[in-house]
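Contents: one structure, followed by commentary.
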Amino acid sequence: MERNLIAAGGPDTFVQLDDVSIAYGGEGGTLALTETSMTIREGEFIAVVGPSGCGKSSLLKLVSGLHPAFRGSVKVAGQEVTGPLKICGMAFQNSTLLPWRTTLDNVLLPLEIVEPHASRFGAHKSEYREQARAMLATVGLSGFEDKYPWQLSGGMQQRTSLCRALIHSPHMLLLDEPFGALDPFTREELWDVVQGLWLKSRPTVILVTHDLREAVYLADTVYIFSPRPGRILSRNEVDMPRPRRLKDAYTPHFIEMTQALREQIVSGTQA
Ligand SMILES: Nc1ncnc2c1ncn2[C@@H]1O[C@H](COP(=O)(O)OP(=O)(O)OP(=O)(O)O)[C@@H](O)[C@H]1O
Ligand SMILES: [Mg+2]
């Protein structure tokens with residue numbers, strides 16, 4: 001019942017997966033994800049949680065067009081995905097900043113590559129630089145524009161990565177354990193950075209995380225995946241108003257939600 005509902009879609013559907021499987025090495029190879037149907041609304045923030053190797057990163061590769069579906073169909077913004085999409089920004093666990101570029105020049109990178117910005121970039125460089133400075137200021141990085149990545153802390157590098165992922169106003173943001181390598185305090189600080197950026201421009205977000213508190217704090221909907229080959233075990237709506245505040249993460253309701261998700265993962269792993 002739930003599955004059909006998820007697969008049904010609607011006028012505000014942005015990402016639609018219909019009975020998708022992902023395999024590496026073709027028939028007889030590794031099946032990472034299987035028979036997955038999912039509908040993500042435009043502007044929705046979803047989190048995907050599940051055991052290591054269940055196909056979470058593969059799901060992001062599928063939606064961004066970096067890896068084709070083995071079976072089934074993937075549509076983004078009503079179009080079948082057949083190759084890498086330019087409308088998405090991405091950020092990963094380890095910051096992938098280019099070490100030979102300054103913070104500002106790392107943030108500018110997508111604008112040099114993605115149209116319609118790329119062809120205007122040369123003639124409007126100062127305008128774009130201002131835009132990047134303003135974005136860095138919103139994440140507390142004013143004054144660090146001319147530093148190189150190795151001169152920044154891990155948390156600052158991740159802030160820079162988030163700015164780079166969002167500078168070209170992507171319709172979709174894909175985050176693969178973006179705070180996995182950070183200490184808990186910095187991580188919680190960055191939850192608010194992400195929430196703030198999302199509330200401002202409302203991209204559709206898929207966040208992959210192992211941190212259930214992070215999933216509940218940030219997402220509208222949390223999907224739990226089974227062990228490999230991954231499938232959706234459950235879809236959980238988070239009924240907490242926005243903006244969420246860190247103190248909300250210590251309320252009985254929040255703790256109950258994370259515990260309920262944890263139990264689902266544990267029973268899914270034992271099944
Ligand atoms: N490029 C690849 N070639 C072959 N197999 C791969 C490739 N990428 C992933 N796999 C396999 O697909 C399965 C799912 O991998 P994936 O990276 O999607 O898992 P994950 O859920 O992101 O795990 P983790 O939580 O550890 O990051 C794993 O068994 C993995 O070994
Ligand atoms: Mg992964």
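The values are calculated or read from the model by the stated rules, or taken from the named source; none is laboratory data. Everything numeric in this text was worked out from a predicted model, so none of it was measured. Cβ coordinates were reconstructed from backbone atoms using ideal geometry, including for glycine residues, and neighbour counts include every protein chain displayed. In case anyone asks, the SASA skips ligands and DNA or RNA and just uses the protein heavy atoms, side chains included. Shrake-Rupley method; radii C 1.70, N 1.55, O 1.52, S 1.80 Å.
Taking Lys and Arg as +1 and Asp and Glu as -1, the other residues whose beta-carbon sits under 10 Å from that of A249 total +1.
Would you mind working out the accessible area per residue for the range 115-269, using a 1.4 Å probe, and quoting it in Å²?
Working: 7190 Å² over 155 residues.
Value returned for the range 115-269: 46 Å² of accessible area per residue.
Heavy atoms only, probe 1.4 angstrom, no DNA, RNA or ligands counted: give me S95, S142 ranked by accessible area, highest first.
Numbers: S95 35, S142 70 Å².
The most accessible residue leads, giving S142, S95.
Counting only residues at least eight positions apart within a chain, or on another chain, the lysines with an alpha carbon under 20 Å from that of K86 are K61, K75. Any idea what log10 I(q)/I(0) is at q = 0.15, 0.16 Å⁻¹ for the chain, Debye with uniform C-alpha scatterers and no solvent? Results for the chain at q = 0.15, 0.16 Å⁻¹ read -1.15, -1.28. Inter-part distance, the range 109-128 to the range 30-107, computed on C-alpha centroids, equals 24 Å. With the whole protein complex present, R187 retains an accessible surface near 50 Å², based on a 1.4 Å probe.
A simple rule links phi to the HN-Hα coupling: the Karplus curve 6.51 cos²θ - 1.76 cosθ + 1.60 with θ = phi - 60°, which for the range 261-269 gives 5, 4, 4, 4, 5, 4, 5, x, 6 Hz, with x for Gly and Pro. Amide H to amide H distances under 5 Å link L33 with I22, G230, where only residues 5 or more positions off or on other chains count and H is placed in the peptide plane. Taking the inverse of the mean reciprocal distance over all distinct Cα pairs, the Kirkwood hydrodynamic radius of the range 88-170 comes to 12.5 Å.
Would you mind telling me the share, in percent, of accessible area of the range 88-170 contributed by carbon and sulfur at probe 1.4 angstrom? Write down the numbers at each step before the final one.
Working: 2090 of 3840 Å².
The nonpolar share, carbon plus sulfur, comes to 54 percent.
Near A165, once Lys and Arg are set to +1 and Asp and Glu to -1 for all other residues with Cβ below 14 Å from its Cβ, the sum equals +2.
In terms of solvent-accessible area of protein heavy atoms at a 1.4 angstrom probe, what is the ranking of H117, H253, H171, highest value first? Kindly include the intermediate steps, with their values, before the conclusion.
Values: H117 35, H253 80, H171 100 Å².
The ranking, largest first, comes out as H171, H253, H117.
Using all alpha carbons of the range 180-252, what is the percent of pairwise distances in each 10 Å bin, ordered from the shortest bin to the longest? Calculated over all Cα pairs of the range 180-252, the distribution is 16, 50, 29, 4 percent. Extending 7 Å from the Cα toward the beta-carbon at both H210 and E27 defines two label points whose distance is 3.6 nm. When all protein chains stay in place and ligands, DNA and RNA are ignored, the 1.4 Å accessible-area order of W150, W191, largest first, is W150, W191.
Under the convention that each Lys and Arg Cβ holds +1 and each Asp and Glu Cβ holds -1, the size of the dipole of the chain around its Cα centre is about 340 debye.
Per DSSP H run of n ≥ 4, the term is -39500 (n - 2.57); total these for the chain, divide by its residue number, and report the mean residue ellipticity at 222 nm rounded to 500 deg cm²/dmol.
Values: 9 runs with 102 residues, N = 271.
Helix-only estimate at 222 nm: -11500 deg cm²/dmol.
Bridging of K247 to lysines at a Cα separation below 27 Å is possible for K200, once same-chain residues fewer than 8 apart are set aside.
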